[in-house]
1. Sort 442, 452 by Cβ crowding within 10 Å, fewest neighbours at the top.
2. Separation between the residue 496 and residue 398 pseudo-spin-labels, each 7 Å from Cα along Cα→Cβ, expressed in nm?
3. Which peptide among 34-40, 318-324 comes first, and what is the full order, when sorted by highest mean count of other Cβ atoms within 10 Å?
4. Can you sort 185, 394, 54 so the residue with the fewest Cβ neighbours within 10 Å comes first?
5. With a Förster radius of 22 Å, plug the Cβ-Cβ distance of residue 196 and residue 160 into 1/(1 + (r/R0)^6) and report the FRET value to the nearest 0.05.
6. Among 261-268, 472-479, what's the highest-first ranking by average C-beta atoms within 10 angstrom per residue?
7. With only alpha-carbon pairs counted, each pair once and no self-pairs, how large is the Kirkwood hydrodynamic radius of region 98-139 in angstroms?
8. Within 10 Å, count the other beta carbons around each residue, average over each peptide in 408-419, 350-361, and list them highest first.
């Protein structure tokens, strides 16, 4: 099966899994809000965020090793794969111990990170946190094995396992909440199912790749291990900066505003992530294909496909963001009620950041697949510093919206610099065409969004499920109609149409 075939299979299973887990997650969140307090929802969001920050201990070695695996997997060099996987395993065992140590050292300071905790005691805060920490640490003993599956472009294996696990977990958690209204049992249920999954994954992947159990493994040469550590050192800076930019919002909210607001933001994040996860399935499914493409195809072919995926990203993310600008807050109002609505200024900034994040997706994926880490190793640190300074300053001046001003500004730094690096290093071209396309797509999305907002003032003036659905149909027709009218004859669009036709006729 070729790159397109693997990508199609990954996308198909990804959509099935995402649809199933999205529905279950919305049901679970609704029951959670009805049975437990706003503070516990905020704690759930905050601890997830803290453990995401602790994952910084991985420091990019996984990304560097994934890149290193593409060529030996493409060349069916099993001995070399074994050597890389041995290094990967040892590194992740050390990382697990580091995360556990740092995580335990944070526990005494939890009370200072949670403003207005309500009825939650310090003892309960700590116990809940330890369950989250256990789930994270135990993941490192198994997750490294997925790198081999993904290097073979068989991402669907990981997707299917995660989907089944999620469905079982959510179903059991719904029963626990309805029967007991107990947050501790809710967390323990998740921990138990995840542990069972990790035991199964270890057995299954050992069966799928029996050579992973071989004791006779040749160590990597100094040149090979040196290349990995060189890329890892660059990725350390990327990782630290990304954490400072992307994983600190919940901490700032819970520390400077209150823990309950963190839970409110998490509801919006759940809706946004549910939709964008469908979109990201496409781009995450082709990243391993990018690695194979770079290892086997010419630079011209790489550039052609890069432009196609960039065009598609602008289209699909633009469509999603336009829909969110018009329908996100009305959806929260229909789902949970007015008490859970965030200020419009904060929501608008979250969506602006989402659009430009989508504009970076193909850049980031291609850069990762190509192993281009050193050239912009300080960029993420600059972004992280800008985000923290602006967010902490502005949250005290203008409230919640101030946090997202920092997020948007720091993100735009990458939108300007990454294209320059990618175009010069990977394609040996000027990025002028990229920025011209960016301006063109931004104007299109902005214009269509304003038009849809004007129409929505009449269509959903009296909000109900019917008017909501009618507005959704109108957005779909208007946005995609405009994009086809403006760009339907472009080379990128014609390539996509041809690709779809080819797949449908197989």
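What follows is calculated from the coordinates using simple rules that are stated; it is not laboratory data. Just so you know, these numbers come straight off a predicted model, no measurement behind them. Please note: Cβ atoms are built from the backbone with ideal geometry, for glycine as well, and neighbour counts cover all protein chains shown.
1. Listing 442, 452 from fewest to most nearby Cβ atoms yields 442, 452.
2. According to this spin-label approximation, the distance is 3.3 nm.
3. Working: 34-40: 18.0, 318-324: 22.9.
Highest-to-lowest ranking by the protection proxy: 318-324, 34-40.
4. Numbers: 185 15, 394 18, 54 21.
With the fewest neighbours first, 185, 394, 54 line up as 185, 394, 54.
5. 0.90
6. Values: 261-268: 23.1, 472-479: 15.9.
Highest-to-lowest ranking by the protection proxy: 261-268, 472-479.
7. After inverting the pairwise mean of 1/r, the radius is 10.9 Å.
8. The packing order, highest mean first, is 350-361, 408-419.
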